[in-house]
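Novice: Got a structure here, written out as C-alpha cells. Questions coming.
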Amino acid sequence: MEIAYRAQDITEAHIVAGMLRANGIEAHVAGHYLQGAMGEVGTLNLAQVQVTQADFLAARILIDEYETNRPEDAQ
C-alpha cells in the first residue's frame, strides 16, 4: 500500500477514502489508533489514506482535484 494522502484528521481521511471508493479505487484509512493515542491533534498528519501502487496515480489525480476545489477556509 502507498500513502496517497495525509489528512488533517481522521474524518477528512474517511471523506477522501470515500471519494476514491466512489471512483472505483479501493482505499484504506490508517492512523485511527495513533491519532486516538495523541488526542485529536490534526497537525501531526497521522490519518492517512492508502491505496495500492497500481491505483496510486489515479488516486493522486482525484486527490489533487479535491484539494484544488476545497473552500479556502477548509485548507
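Novice: Which of the residues spanning the stretch 5-17 are in contact (Cβ under 8 Å) with a residue 12 or more places away in the chain, farther than 11 Å from Ala30 by Cα and aliphatic (A, V, I, L, M)?
Specialist: Val16
Novice: Inside the stretch 14-64, can you point out the residues that are of a type in the set (Asp, Glu), touching a helix residue (DSSP H, G or I) at 6+ places or on another chain (Cβ under 9 Å) and either at pLDDT 95 or above or part of a helix (DSSP H, G or I) (or both)?
Specialist: Applying the first criterion (of a type in the set (Asp, Glu)) to the stretch 14-64 yields 26, 40, 55, 64.
Now drop any that are not touching a helix residue (DSSP H, G or I) at 6+ places or on another chain (Cβ under 9 Å), which leaves 26, 40, 55.
Glu26, Asp55, listed by residue number.
The values are calculated or read from the model by the stated rules, or taken from the named source; none is laboratory data. Everything numeric in this text was worked out from a predicted model, so none of it was measured. Cβ: placed from backbone, ideal geometry, glycine included. Neighbour counts: every protein chain shown.
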